[in-house]
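The values are calculated or read from the model by the stated rules, or taken from the named source; none is laboratory data. No experiment lies behind these values; they were computed from the predicted model shown. Cβ placement follows ideal geometry from the backbone for every residue including glycine, while neighbour counts extend to all protein chains displayed. Ligands, DNA and RNA are excluded from the accessible area calculation, which covers all protein heavy atoms including side chains. Shrake-Rupley method; radii C 1.70, N 1.55, O 1.52, S 1.80 Å.
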Amino acid sequence: MTTIFISDLHLDKDRPKVIRYFVDFLNNLESDIESLYILGDFVEYWVGDDDPGDGLEEVFSSIKKKSNDIPIYFMHGNRDFMISEKFCNHHGMKFLTDPTKIKLHGKKILLMHGDTLCIDDIEYQKFRTMVRSPLWQNEMLKKSLEERINLAKMLRAKSLSETGAKDEVIMDVNNDEVISQLKKYNVDMIIHGHTHRPNIHKIISENKECKRIVLGDWYDKSFILRISDGEIIIDKSNLS
Ligand code: MN
């Protein structure tokens, strides 16, 4: 049996090829798939449960359909943290808090979106604390749908311009933080996305070899991590 992990699809109506690829992938999942984990930034932005999800109708309806066969788990990223647990349940997804520890084939694995590991980006961490507070979110939800969509677009543009100016190292994970999370949760492996730097890192923590698997984004290629008993397979396909 195989478990699948994906993140950072950034689904958006302006990139219909990615939407098409994801829907086909989901509809044609092999029969040995046990469960699917979506570890954040599934959609490019989300402003609340009344978000019309333009162009994403088929995405959510195929998720709902597939959830009759296998469990589909959803964790927030920094783009889609306004997707509520209620919305998830309604669309057949099981909501996961960040981080969540799972056991798979005898391995203890910590699942995260990954942004909480980037502690050197102090400015971002401050912003994250603000937007994840119930107070900020309640105030946000009082605004009209149009205002929220405009705000989300503004924040996206701001983040893009800041990302270009920031040091590469600052925006990556902090290694001490990785080790501290491995110890805190007593796990053998961390799987996360967010940094768009796909890799399998080996880390020695307390004389034990641990792994940090970083999922890739779905900008030019799809990125699917499959874990079955003793096997880690990464599938990438061109989207264009
Ligand atoms: Mn992210």
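Quick one: of the DSSP bridges fully inside the chain, what percent are antiparallel, nearest 5?
50 percent
Once neighbouring chains are kept in place and the probe is 1.4 Å, which whole percent of the accessible area of the chain is contributed by carbon and sulfur?
About 50 percent, which is the carbon plus sulfur part of the accessible surface.
May I ask you to order 140-152, 69-81, 191-203 by the average number of other C-beta atoms within 10 Å around their residues, highest value first?
Most protected by this proxy first, the peptides run 69-81, 191-203, 140-152.
For a protection proxy built on the mean count of beta-carbon atoms within 10 angstrom, sort 28-40, 154-166 highest first, please.
Packing order, densest peptide first, comes out as 28-40, 154-166.
My understanding is that a pair violates if its Cα-Cα distance is over 21 Å; which of 13/166; 64/86; 126/211; 94/142; 183/208; 103/183 do that in this structure?
From the list (13/166; 64/86; 126/211; 94/142; 183/208; 103/183), the Cα-Cα distance tops 21 Å for 13/166; 126/211; 94/142.
For residue 166 and residue 202 in one chain, what is 0.36 nm times their gap in residues minus the Cα-Cα distance, to one decimal in nm?
10.3 nm
Just the number please: accessible area per residue for the range 126-170, 1.4 Å probe, all protein chains included, in Å².
Ligands and nucleic acids excluded, the figure is 75 Å² per residue.
In Å and whole numbers, how far do the C-alpha atoms of the range 1-80 stretch along each principal axis, longest first?
Projected onto its principal axes, the Cα set of the range 1-80 covers 35, 22, 20 Å.
What is the extension gain from residue 131 to residue 209, computed as 0.36 nm multiplied by their sequence separation minus the C-alpha to C-alpha distance, in nm to one decimal?
24.5 nm is the gain from fully extending residue 131 to residue 209.
In the range 193-239, which chymotrypsin sites (Phe, Trp or Tyr not before Pro) are in a loop and have at most 16 other Cβ atoms within 10 Å, using DSSP for the loop call?
219
So what are the ³J(HN,Hα) numbers for the range 77-82, from phi and the Karplus equation (6.51, -1.76, 1.60; θ = phi - 60°), rounded to whole Hz, Gly and Pro as x?
Coupling constants for the range 77-82: x, 7, 9, 10, 6, 8 Hz.
Please report, largest first and rounded to whole Å, the three semi-axes of the ellipsoid equivalent to the chain, where each semi-axis is the square root of five times an eigenvalue of the C-alpha gyration tensor.
27, 24, 17
What's the center-to-center distance, using Cα atoms, between the range 36-65 and the range 155-172 in Å?
Using only Cα atoms, the two centres lie 25 Å from each other.
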